[in-house]
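See below for the structure under consideration.
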Amino acid sequence: MISVVLADDQVLVRAGFRALLDAQDDMAVVGEASDGAEALRLARQHQPQVILMDIRMPGMDGLEATRRITADRSLAAAKVVILTTFDLDEYVFEAIRSGASGFLVKDTEPDELLRAVRTVVDGGGLLSPRVTRRLIEEFSTRARDPGSLPDVERLTDREREVVALVGEGLNNEEIAERLFMSPATSKTHVSRAMIKLGVRDRAQLVVFAYEAGLVRPGWRI
């Protein structure tokens, strides 16, 4: 059973998400929070697998709550998915840097929300398809020259190629096809790169790929 904590200051939003999630055979909402401080408390109390986190909340906002949750070793298994009302929210970038596993706009389709919850539990990262292109464009403006980040030097040439393809949005099977390797080998390279870079999931790997200048819009390996 996938345990979920909802953090949003709007009661109706939480009620809608709860109704959808609790209707699934494999999901259960274990707590609701109206601000970041309460979200942090519930996360520590219930040890949920997923936290759906609004950014703009009174008191401690979702960004600070995300920082504290992802920095808490006792909550290492918890995955934070940012919920935003806006197609492009400036705080989303910082939230993903802080350890969020991805984000969705609040009016996303129900099936997409359910898929998102299952994806992060399985170790994947996600970005709302509606805003992925704009997110990539934003990251590209902040990208530095390849190799300018010290951590880049920890990667082998093959791992750099793989990280760049993760940045393009490819999954392990697609990376394997592009680089003429088995999906298992592709998965191994991704896992090793994540360990070397100290990132929690693929969402943070995407951030690293763009900030390191390993990939930019229009680039293809």
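Only the coordinates and a few stated rules stand behind these numbers; no lab work does. On a predicted model such as this, the values are computed, not experimentally measured, just so you know. Glycine also receives a Cβ, built like all others from the backbone with ideal geometry; neighbour counts cover every protein chain displayed.
A few remarks follow.
- Extending 7 Å from the Cα toward the beta-carbon at both THR85 and ARG44 defines two label points whose distance is 3.0 nm.
- Charge context of GLU159, other residues only, Cβ under 10 angstrom, K/R +1, D/E -1: +3
- Placing +1 on the Cβ of every Lys and Arg and -1 on the Cβ of every Asp and Glu, with no other charges, gives the range 2-135 a dipole of roughly 400 debye about its Cα centre.
- Per-pair calculated FRET efficiency, R0 = 35 Å: ASP157 and ALA23 via Cβ, rounded to 0.05: 0.15
- In this rough spin-label picture, where each label sits 7 Å from Cα along the Cβ direction, the ARG178-ALA76 distance is 3.0 nm.
- Loop-located chymotrypsin sites (Phe, Trp or Tyr not before Pro) across the range 38-101 with a Cβ neighbour count of 13 or fewer within 10 Å are PHE86, with loop assigned by DSSP.
- Under-5 Å amide H pairs with GLY102, H placed in peptide plane, nonlocal only: ILE82, LEU126
- In summary, the lysines within cross-link reach of LYS196, defined as a Cα separation below 29 angstrom excluding same-chain residues under 8 places away, comprise LYS79, LYS187.
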